[in-house]
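The structure under discussion appears below in the form of structure tokens.
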Amino acid sequence: MFEALMQRREMLVSHILTHAATCHGDTEIVSRRVEGDIHRQTYAQTERRAARLARGLDAMRIERGDRVATLAWNGYRHVEAYYGVSGSGRVLHTVNPRLHPDQIAWIVNHAGDRIVLFDLTFAPIVTRIAAQCPSVAHWIALCDALPDALRDELAGVHCYEEWLAAQRDDYAWPEFDEDVAAAICYTSGTVGNPKGVVYSHRSSTLHALNLAMPDCACLSASDSVLPVVPMFHVNAWGAVYAAPMAGCKLVLPGPALDGASLFGLMDAEDVTLSISVPTIWLGLLTQMEREGRKPRALARVVVGGAAAPESMIRRFEQDWSVDFRHGWGMTESSPLATIASLKARHAQLDTDGRMRLKATQGRPVFGVQLRLQDDDGAALPWDGRSIGEIALKGHWVASGYFDSGKPNPTRDGWLPTGDLGTIDPDGYVHLVDRSKDVIKSGGEWVSSIDIENIAMAHPAVAMAACVAKPDEKWGERPLLVVVRKGPVEAAEILACYTDKMAKWAIPDEVRFVDQIPLGATGKMLKRKLREDLGLVGA
Ligand code: ADP
């Protein structure tokens with residue numbers, strides 16, 4: 001081997017913030033607070049406040065490697081925790097407040113959290129679970145002044161601003177091994193108990209670098225970025241690392257996630273890029289139609305977490321000239337694995353062809369490898385036709401779960417995703433289903449995602465889910481479940497499928513419901529829906 005002569009510097013998330021404070025010191029983080037007002041502070045101020053937080057943890061004798069949890073919306077104090085906790089060598093545990101309180105207590109205990117930082121919105125959860133969480137030494141409310149009622153209900157609770165004010169704001173961010181844990185995030189546990197995915201400083205840094213690439217979120221110091229995706233689930237898809245890395249203004253919406261609030265904030269802060277799940281974009285599109293315009297600077301949206309219907313992509317791209325980037329990933333992949341950006345030769349495609357490609361889950365980003373495999377783990381071809389499970393390998397893909405007591409989930413280094421789909425020769429993934437939701441009719445796979453997307457294109461359909469209905473002759477048949485937002489009958493919806501799908505794959509029946517059950521990350525809970533409809537075990 002011929003030794004290289006390059007400096008070795010560990011990749012640590014503290015470097016991201018110190019870079020932003022040094023080179024983009026006056027660039028702002030703008031937050032809508034729980035109190036409803038708008039708060040502004042610069043990256044330079046954020047670094048000093050994160051330093052106070054790190055010193056506060058020292059004062060409380062929190063050791064390196066100890067877990068510090070957050071129960072918080074997207075806001076500047078949560079950003080301070082991201083950097084103050086991980087940057088000082090502790091492990092940030094972002095807890096999803098939408099989970100059931102018993103599940104939150106289970107997660108806090110499983111992670112062995114020493115401190116919990118919480119927004120006042122979540123004080124009722126904290127007071128309910130505090131007695132069940134023996135590892136937690138300190139509960140810290142993210143507020144200017146503690147409400148009297150909270151002081152009475154939670155003995156020893158701290159006020160964040162008082163705690164910070166008592167610390168000095170100079171701090172030497174420690175250097176350590178980039179492979180140590182920076183953060184831990186639990187999967188939403190739709191099956192069994194949640195599982196802890198542990199991100200390293202290296203994986204988080206590399207993932208953020210990739211998110212900033214032109215074919216991904218395409219971030220630059222001219223951008224103003226609004227992550228709607230919560231900082232409590234998969235690190236807001238890395239946006240809170242990638243934005244300061246690139247020097248973008250960061251706009252954080254707090255708890256106000258309805259279309260009108262998001263539109264107003266985007267408009268006021270010249271947001272150029274926003275990141276979220278499809279359901280949030282439905283609210284924003286409705287508001288854009290009401291206003292007759294888009295938020296004035298909005299140029300791109302990144303969408304993932306669930307399949308984005310082609311009809312939504314067309315509305316953004318054709319009605320409002322907003323570049324739509326559809327991505328796919330999971331908690332275990334930090335989450336970015338694929339993203340649907342086009343290549344030079346796709347400029348020759350007609351609009352339909354381009355929209356079809358943009359509606360796929362996209363092609364792998366550098367740093368993540370895909371494999372399409374059958375039930376025995378044998379590789380299937382990337383021919384755009386063969387359906388198999390997708391497995392992942394890469395710099396920011398999990399190798400196991402925290403203290404799960406279960407065997408390592410990877411096989412030959414490949415992590416199975418439970419997602420079924422095809423991959424075309426260019427690497428574009430088309431997901432057909434999650435393996436646990438799969439529908440097999442007469443031995444053939446029916447894509448619930450394709451069926452849902454066609455239904456969603458109907459203007460009177462607010463939400464659509466396709467589930468398996470047991471059938472004597474075919475084993476299973478697809479059943480379409482619809483939440484209406486206008487008058488429409490089953491026959492009219494079913495007519496939308498003519499010429500769009502093979503006849504045998506078209507649902508025989510539509511059932512109208514008032515709502516479809518959603519999980520803690522806003523995804524449809526199909527197992528629960530099937531139970532509600534009496535389809536399980538029939
Ligand atoms: P959960 O805890 O529900 O698994 P994740 O955020 O880890 O939460 O969810 C990852 C899953 O979400 C993927 O395995 C996939 O099934 C689904 N998903 C994510 N992005 C997309 C997408 N663009 N299209 C379809 N499904 C998606």
Practice task
Would you please give the FRET efficiency between residue 63 and residue 151, computed as 1/(1 + (r/R0)^6) with r the Cβ-Cβ distance and R0 = 22 Å, to the nearest 0.05?
Solution key: 0.20
Handout entry: Per-selection Kirkwood Rh - region 13-200 (Cα, Å, 1 d.p.)
Key = 16.8 Å
Problem - Check: region 365-434 dipole with +1 on Lys, Arg Cβ and -1 on Asp, Glu Cβ, in debye - result: 220 debye
Handout entry: Between region 1-54 and region 222-255, the Cα center-to-center distance that results, in Å
Key = 12 Å
Problem - For the chain, fraction of C-alpha pairs farther apart than 46 Å, in % - result: 12 percent
Exercise for the section: Can you tell me the 0 to 90 degree angle between the C-alpha axis of helix 43-59 and the longest principal axis of the chain, rounded to 10? Expected result: 70 degrees
Problem - Cα gyration tensor shape for region 109-178, rounded if a/c is under 1.5, else prolate or oblate - result: oblate
Practice task
Give me the number: length gained by fully extending residue 289 to residue 348, i.e. 0.36 nm times residue separation minus the C-alpha to C-alpha distance, one decimal in nm.
Solution key: 18.2 nm
Exercise for the section: Could you order peptides 28-41, 102-115 by the average number of other Cβ atoms within 10 Å of their residues, highest first? Expected result: 102-115, 28-41
Fill in the blank from the handout: Checking rank on 120-128, 360-368, 79-87, with mean other Cβ inside 10 Å and highest first, the result is 79-87, 360-368, 120-128
Problem - Angle between the chain longest axis and helix 259-268 axis [Cα atoms, degrees, rounded to 10] - result: 50 degrees
Fill in the blank from the handout: Inter-part gap, Cα centre of region 458-482 to Cα centre of region 191-215, in whole angstrom, is 34 Å
Practice task
Show the residues, 5+ positions off or on another chain, whose built amide H is closer than 5 Å to the amide H of residue 93.
Solution key: 68, 69, 70, 184
Problem - Over region 129-232, volume per residue of the alpha carbon convex hull, in Å³ - result: 221 Å³
Completion exercise
In whole Å, largest first, the alpha carbons of region 365-434 cover along the principal axes 38, 26, 20
Exercise for the section: With a bin width of 10 angstrom, please list the P(r) values of region 1-86 as percents of all Cα-Cα pairs, from the 0 bin to the one holding the largest distance. Expected result: 16, 40, 29, 10, 5, 1
Completion exercise
A chain fully extended from residue 135 to residue 109 at 0.36 nm per residue, minus the present Cα-Cα distance, gains in nm 8.7 nm
Handout entry: Summed residue charge, Cβ within 11 Å of residue 260's Cβ, Lys/Arg positive, Asp/Glu negative
Key = -2
Handout entry: region 439-532 shape via C-alpha gyration tensor axes, a/c threshold 1.5
Key = oblate
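Shape of region 267-357 from its Cα gyration tensor (a ≥ b ≥ c, root eigenvalues): rounded if a/c is under 1.5, otherwise prolate when a/b > b/c, or oblate?
Oblate shape, in that a/c is at least 1.5 and b/c is the bigger or equal ratio.
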Handout entry: Listed residues 131, 30, 71: farthest to the positive end of the dipole of region 13-200 (Cβ charges)
Key = 131
Exercise for the section: Quick one: angle between helix 76-87 and the longest Cα principal axis of the chain, in degrees between 0 and 90, rounded to 10, please. Expected result: 80 degrees
Completion exercise
Number of Lys pairs in region 335-485 closer than 26 Å at Cα, excluding neighbours under 8 places apart unless interchain, is 12
Exercise for the section: Place +1 on the Cβ of every Lys and Arg and -1 on the Cβ of every Asp and Glu in the chain, take the dipole about the Cα centre, and give the residue among 330, 14, 380 whose Cα lies farthest towards its positive end. Expected result: 380
Completion exercise
Going from the fewest other Cβ atoms within 10 Å to the most, one would list 231, 463 as 463, 231
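The numbers here are math on the coordinates, done by the rules we state, and not lab data. What you see is a predicted model; the values in this text were computed from it and never measured. Cβ coordinates were reconstructed from backbone atoms using ideal geometry, including for glycine residues, and neighbour counts include every protein chain displayed.
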